[in-house]
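Taking it in order: structure first as structure tokens, then the write-up.
The values are calculated or read from the model by the stated rules, or taken from the named source; none is laboratory data. The model shown is predicted, which means the values in this text are computed figures rather than measured ones. Cβ placement follows ideal geometry from the backbone for every residue including glycine, while neighbour counts extend to all protein chains displayed. With ligands, DNA and RNA removed, areas are computed over all heavy atoms of the protein, side chains included. Shrake-Rupley method; radii C 1.70, N 1.55, O 1.52, S 1.80 Å.
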Amino acid sequence: MAHITINNVNKIYPDGTPAVSNLNMEIASGEFLCIIGPSGCGKSSTLRMLAGLEEVSSGQILIDGEDVSNTPARDRDIAMVFENYALYPHLTVRENISMPLVARNTPKGETKSRVADIAARLSIESQLDKKPAKLSGGQRQRVALARAMIRNPRMFIMDEPLGHLEAYLRIELRREIRALHESSGGTTMYITHDQEEAAAISDRIAIMYDGVLQQVGTFEELIDHPVNRM
Ligand code: ADP
Ligand code: MG
């Protein structure tokens with residue numbers, strides 16, 4: 001579980017491009033928060049700063065009260081899923097999914113049972129000995145989700161993880177992501193540009209526009225009290 005505090009965070013890329021302006025946000029422990037907004041509005045930059053893949057230009061990010069603004073990504077205990085699956089092509093599905101446990105010297109028996117468990121939850125048991133190239137897009141994204149969710153990190157970060165998939169698969173997988181989030185007890189930040197997906201999967205939605213957070217609330221709050229018509 002992780003409580004996230006984002007304090008006055010700004011991101012200006014080295015080439016001078018402003019991406020995020022004066023961002024303030026609190027994400028409760030165990031919460032599922034979606035960020036929505038048009039392309040280029042700063043969603044990925046926000047998530048990448050939280051993950052530690054991108055430095056903040058100014059401001060602070062706190063996880064459970066601890067300032068992690070200068071903590072390397074590998075020490076933040078955050079698992080990530082992106083739109084492009086980023087699987088290792090030369091490894092089998094089983095090896096891809098096991099990677100985060102093997103990297104942490106988890107005992108073999110435990111690794112085996114956790115792979116079996118997550119593969120069953122994501123319905124990819126019969127794919128475990130295949131290479132990613134033999135899988136469909138939907139199956140590959142299940143493998144990427146299994147790899148991220150095989151550990152119980154304190155936080156999940158997902159950047160349009162279902163963006164490439166067909167509508168019926170998106171609906172099926174978002175249910176599974178939500179269920180895995182709940183059973184893990186972690187905090188999730190999830191980017192989508194699909195409002196319906198955001199409403200279905202999240203506890204609260206943050207709307208960004210042009211690097212600025214416009215509003216945060218439940219779907220009902222945003223519908224009832226829009227601060228800004230776009
Ligand atoms: P979103 O995910 O909402 O589409 P991004 O956070 O990727 O938006 O981008 C926000 C702004 O920052 C855009 O203007 C984008 O072009 C710019 N940007 C993103 N990454 C970089 C980078 N590495 N260098 C310079 N500008 C960038
Ligand atoms: Mg993006």
Do any GluC sites (Glu not before Pro) in the range 127-230 lie in a loop, going by DSSP, with at most 16 other beta-carbon atoms within 10 Å of their beta carbon, and if so which? Glu166
Rounded tilt (10° steps) of 137-149 against the dominant C-alpha axis of the chain: 80
With +1 on the Cβ of every Lys and Arg and -1 on the Cβ of every Asp and Glu, and nothing else charged, how large is the dipole of the range 143-216 about its Cα centre, in debye rounded to the nearest 20? 380
Residue pairs, from the table Lys108/Lys131; Lys108/Lys134; Lys108/Lys130, whose Cα atoms sit over 24 Å apart: Lys108/Lys134
Considering the convex hull of the alpha carbon atoms of the range 85-177, report its projected area averaged over all viewing directions, in nm², one decimal. 5.9
Let me spell out the model: positive unit charges on the Cβ of Lys and Arg, negative unit charges on the Cβ of Asp and Glu, origin at the Cα centre of the range 37-186. What dipole size does that give, in debye rounded to 20? 600
At a Förster radius of 41 Å, what calculated FRET efficiency corresponds to the Cβ-Cβ distance of Asp210 and Asn152, to the nearest 0.05? 0.70
For the chain, what does the helix formula give at 222 nm: sum of -39500 (n - 2.57) over DSSP H segments with n ≥ 4, over the residue count, nearest 500 deg cm²/dmol? -10000 deg cm²/dmol
What are the equivalent ellipsoid semi-axes of the range 67-124, built from the alpha-carbon gyration tensor (square roots of five times its eigenvalues), in whole angstrom, biggest first? 23, 16, 11
Would you work out the relative contact order for the range 1-71, in percent, from Cα pairs under 8 angstrom that are 6 or more residues apart? 40
Residue-span extension gain [Arg74 to Ala167] - 0.36 nm each, minus C-alpha spacing: 30.2 nm
Over the range 94-137, with the other protein chains present, what is the accessible area per residue in square angstrom, probe 1.4 angstrom? 61
Stretched out fully, how many nm does the piece from Lys130 to His225 gain, at 0.36 nm a residue minus the Cα gap? 29.2 nm
Using a cut-off of 13 Å between alpha-carbon atoms, which aspartates and glutamates can reach Lys11, once sequence neighbours fewer than 8 places away in the same chain are excluded? Glu54, Glu55, Asp210
Could you tell me which of Ala51, Ala86, Tyr13 has its Cα farthest along the dipole of the chain towards the positive end, charges placed at Cβ (Lys, Arg +1; Asp, Glu -1), taken about the Cα centre? Ala86
With springs only between Cα atoms under 10 Å, which of Thr17, Thr111, Thr188 fluctuates most in a Gaussian network model of the chain? Thr17
Given the Cα atoms of the chain, and with Rh set as the inverse mean 1/r over their pairs in the Kirkwood sense, what is Rg to Rh to two decimals? 0.97
Considering only protein heavy atoms and a 1.4 Å probe, what is the carbon-and-sulfur percentage of the accessible area of the chain? 49
All other residues with a Cβ under 14 Å from the Cβ of Asp159 taken together, and with Lys, Arg as +1 and Asp, Glu as -1, what is their net charge? -3
Would you mind checking the tilt of helix 167-184 against the longest principal axis of the Cα atoms of the chain, expressed as 0 to 90 degrees and rounded to 10? 90
Per residue and in Å³, how big is the convex hull formed by the alpha-carbon atoms of the range 1-106? 142
Given a 1.4 angstrom probe, what's the average accessible area per residue across the range 143-230, in square angstrom? 46
C-alpha long axis of helix 108-121 to longest principal axis of the chain, angle in °: 70
Total charge dipole magnitude, the range 79-136, about the Cα centre, Cβ charges on Lys, Arg, Asp, Glu only, Debye to nearest 20: 120
Give the calculated FRET efficiency between Glu110 and Ala179 to the nearest 0.05, with a Förster radius of 22 Å applied to their Cβ-Cβ distance. 0.50
